[in-house]
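Asker: My questions will all concern the structure given below.
The values are calculated or read from the model by the stated rules, or taken from the named source; none is laboratory data. This is a predicted model, so every value here is computed, not measured. No Cβ is skipped: glycine too gets one built from the backbone with ideal geometry, and neighbour counts run over all protein chains shown. In case anyone asks, the SASA skips ligands and DNA or RNA and just uses the protein heavy atoms, side chains included. Shrake-Rupley method; radii C 1.70, N 1.55, O 1.52, S 1.80 Å.
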Amino acid sequence: MNIDLDKILETGAQLADSAKKTATDLAQKGKKQVDLMNAQTRLSKAQRQLGALVYSLEKNGEKNDLLVKKYVDAISAIEEEIETLKKQESQGQSTYTYTYTAPAQEPGKKTCPQCGAEVDEDALFCSCCGAQL
Ligand SMILES: [Zn+2]
């Protein structure tokens, strides 16, 4: 029996190529999942921060429309990002179901580099001077 070695090598190379392609596809799909998870985490953090901000403003009878607007803008930007990621994902034929629950941990504190005020670690903007964090 005459074995065509070239043919075998060629087939092997093709198989390796398609395996590599599948791995790359999976990696890209995985990255999109991570992006989506990150965006959803950022969204819930920003929403929580906005809630806390509005609450403390109302409670103290204060107004800070600029800061509230900054949060609303940031939140709609993240929402758009999530929409885009979801669209990209539904274009693929992936049938995986996505479940993610945000970690229920208390946010820590950090210091605003602009004015030195103590702000929540999750805060997107300083509640004191409005600087982007
Ligand atoms: Zn500040």
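Asker: What does the accessible area of Leu57 come to, in Å² to the nearest 10, when a probe of 1.4 Å is used?
Answerer: 20 Å²
Asker: Before rounding to the nearest 500, sum -39500 (n - 2.57) across all DSSP H runs of length at least 4 in the chain and divide by the residue total; then give [θ] at 222 nm in deg cm²/dmol. Numbers along the way, then the final one.
Answerer: Details: 2 runs with 82 residues, N = 133.
When only DSSP H runs of four or more count, the value is -23000 deg cm²/dmol.
Asker: How compact is segment 5-91 by the rule of thumb for globular proteins, expressed as Cα Rg over 2.2 N^0.38 Å?
Answerer: Here the Cα radius of gyration is 1.91 times the empirical estimate.
Asker: Tell me the per residue accessible area of segment 5-91 using a 1.4 Å probe; a whole number in Å² is fine.
Answerer: On the way: 6240 Å² over 87 residues.
Using a 1.4 Å probe on heavy atoms only, each residue of segment 5-91 averages 72 Å².
Asker: What are the ³J(HN,Hα) couplings of segment 114-122, residue after residue, when phi is run through the Karplus curve with 6.51, -1.76, 1.60 and θ = phi - 60°? Round to Hz, x for glycine and proline.
Answerer: Here the 3J(HN,Hα) series is 7, 10, x, 5, 7, 10, 4, 4, 7 Hz.
Asker: Structure shown: which of Lys32/Lys110; Lys32/Lys69; Lys70/Lys109 lie over 27 Å apart, alpha-carbon to alpha-carbon?
Answerer: Long pairs (Cα-Cα over 27 Å): Lys32/Lys110; Lys32/Lys69.
Asker: Among Gly12, Ala46, Ser76, which residue has its Cα furthest toward the positive end of the charge dipole of segment 5-91, with +1 on Lys/Arg Cβ and -1 on Asp/Glu Cβ?
Answerer: Ala46
Asker: What list of ³J(HN,Hα) values in whole Hz, one per residue of segment 60-66 in order, does the Karplus curve 6.51 cos²θ - 1.76 cosθ + 1.60 (θ = phi - 60°) give from phi, with Gly and Pro shown as x?
Answerer: Coupling constants for segment 60-66: 8, x, 9, 10, 8, 4, 5 Hz.
Asker: With the chain treated as a Gaussian network of Cα nodes joined by springs under 10 Å, which of Lys109, Lys69, Lys20 yields the largest mean-square fluctuation?
Answerer: Most flexible of the set in this elastic network: Lys20.
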